[in-house]
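Remarks on the structure that follows.
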Amino acid sequence: MRATDPWSRTPMDLDAAPVSIDLDDPHRPDVLALLGEHLADMYATTPAESVHALDPSALTAPGLTFWTARDAGGVLLGCVALKELSPTDGELKSMRTATAARGRGVGAALLDHVLSIATGRGYATVHLETGAEEYFAPARRLYERAGFVPCPPFADYRPDPLSAFYRRDLAPVGPVPQTR
């Protein structure tokens with residue numbers, strides 16, 4: 001985790017209830033339960049060789065940053081991770097919204113948060129892999145609405161008819177050009 005990451009906390013309002021996104025530990029009991037549900041769903045809908053979701057230990061590896069979204073009472077609403085592929089490229093990992101929080105904008109807020117951080121880190125591109133089955137259609141729609149476009153496999157991924165690969169190019173951070 002990058003505890004010094006200046007974008008580590010994002011307060012927001014979803015359905016008029018304050019929500020914050022903070023760096024977190026994937027081994028917290030409520031997070032373990034959410035990630036367990038996530039992995040169980042992945043293995044229930046996709047053959048094991050096509051599941052690329054990370055387990056909690058993998059989410060603490062160097063180069064990975066992990067956040068959770070929580071309501072004002074501390075209830076876990078969702079999680080997301082960002083893996084650094086290179087100094088200019090990241091990968092969205094383990095994005096999951098808790099069942100009770102679906103349809104409230106948690107996924108979009110988590111995605112916006114990660115894209116903001118990736119831009120601030122100077123990444124030119126963020127990639128992701130998700131399932132190609134109908135079960136994953138809502139996730140694909142969310143990513144497409146956020147500007148992700150289909151792309152070939154990236155990093156260590158190989159072509160897989162059960163995987164959908166996406167990328168989003170990010171605007172560089174820098175001074176705004178002066179116009180005359």
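The values are calculated or read from the model by the stated rules, or taken from the named source; none is laboratory data. Small disclaimer: the values here were computed from a predicted structure and weren't measured. All Cβ positions, even for glycine, are placed from backbone atoms using ideal geometry, and neighbour counts span all protein chains on display. For accessibility, only protein heavy atoms count, side chains too; no ligands or nucleic acids. Shrake-Rupley method; radii C 1.70, N 1.55, O 1.52, S 1.80 Å.
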* For the range 48-102, which residues satisfy the criterion of being under 27 Å from residue 158 (Cα atoms), assigned to a strand (DSSP E or B) and small (Gly, Ala, Ser)? -> 81, 86, 90, 94
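Under 19 Å from residue 19 (Cα atoms), free of Cβ contacts under 8 Å to residues at least 60 places away in the same chain, surrounded by fewer than 17 Cβ atoms within 10 Å (Cβ to Cβ) and in contact with a strand residue (DSSP E or B) (Cβ under 7 Å, 6 or more places away or on another chain): is that true of residue 108 in this structure? Break it down stepwise before answering.
Details: under 19 Å from residue 19 (Cα atoms): yes; free of Cβ contacts under 8 Å to residues at least 60 places away in the same chain: yes; surrounded by fewer than 17 Cβ atoms within 10 Å (Cβ to Cβ): yes; in contact with a strand residue (DSSP E or B) (Cβ under 7 Å, 6 or more places away or on another chain): no.
No; evaluated as a whole, the condition is false for this residue.
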* Search result, residues across the range 114-123 that are surrounded by fewer than 22 Cβ atoms within 10 Å (Cβ to Cβ) and either among the hydroxyl-bearing types (Ser, Thr, Tyr) or over 14 Å from residue 148 (Cβ atoms) (or both) -> 116, 119, 120, 121, 122
* **Hits in the range 1-42 - residues which are of a type in the set (D, E, K, R), modelled with pLDDT under 90 and assigned to a loop (DSSP other than H, G, I, E, B)** => 2, 5, 15
* Asked: What number of residues in the range 31-83 are open to solvent by 40 Å² or more (accessible area, probe 1.4 Å), β-branched (Val, Ile, Thr) and in contact with a His (Cβ under 9 Å, 6 or more places away or on another chain)?
  -> 1
* Look through the range 104-135, keep the residues that are closer than 21 Å to residue 42 by Cβ and either in a loop (DSSP other than H, G, I, E, B) or of a type in the set (Asp, Glu) (or both), and return whichever of them is nearest to the chain's Cα centre (by Cα). => 129
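Filter the range 148-172 down to the residues that are surrounded by 13 or more Cβ atoms within 10 Å (Cβ to Cβ), assigned to a loop (DSSP other than H, G, I, E, B) and either acidic (Asp, Glu) or within 14 Å of the chain's Cα centre (by Cα) (or both) and list them by number. Walk me through it before giving the result.
Step one: of the range 148-172, the residues surrounded by 13 or more Cβ atoms within 10 Å (Cβ to Cβ) are 148, 151, 153-154, 157, 160, 162-168, 170.
This time we only want the ones that are assigned to a loop (DSSP other than H, G, I, E, B), so: 148, 151, 153-154, 157, 160, 162, 170.
Of everything in the range 148-172, those that are surrounded by 13 or more Cβ atoms within 10 Å (Cβ to Cβ), assigned to a loop (DSSP other than H, G, I, E, B) and either acidic (Asp, Glu) or within 14 Å of the chain's Cα centre (by Cα) (or both) turn out to be 148, 160.
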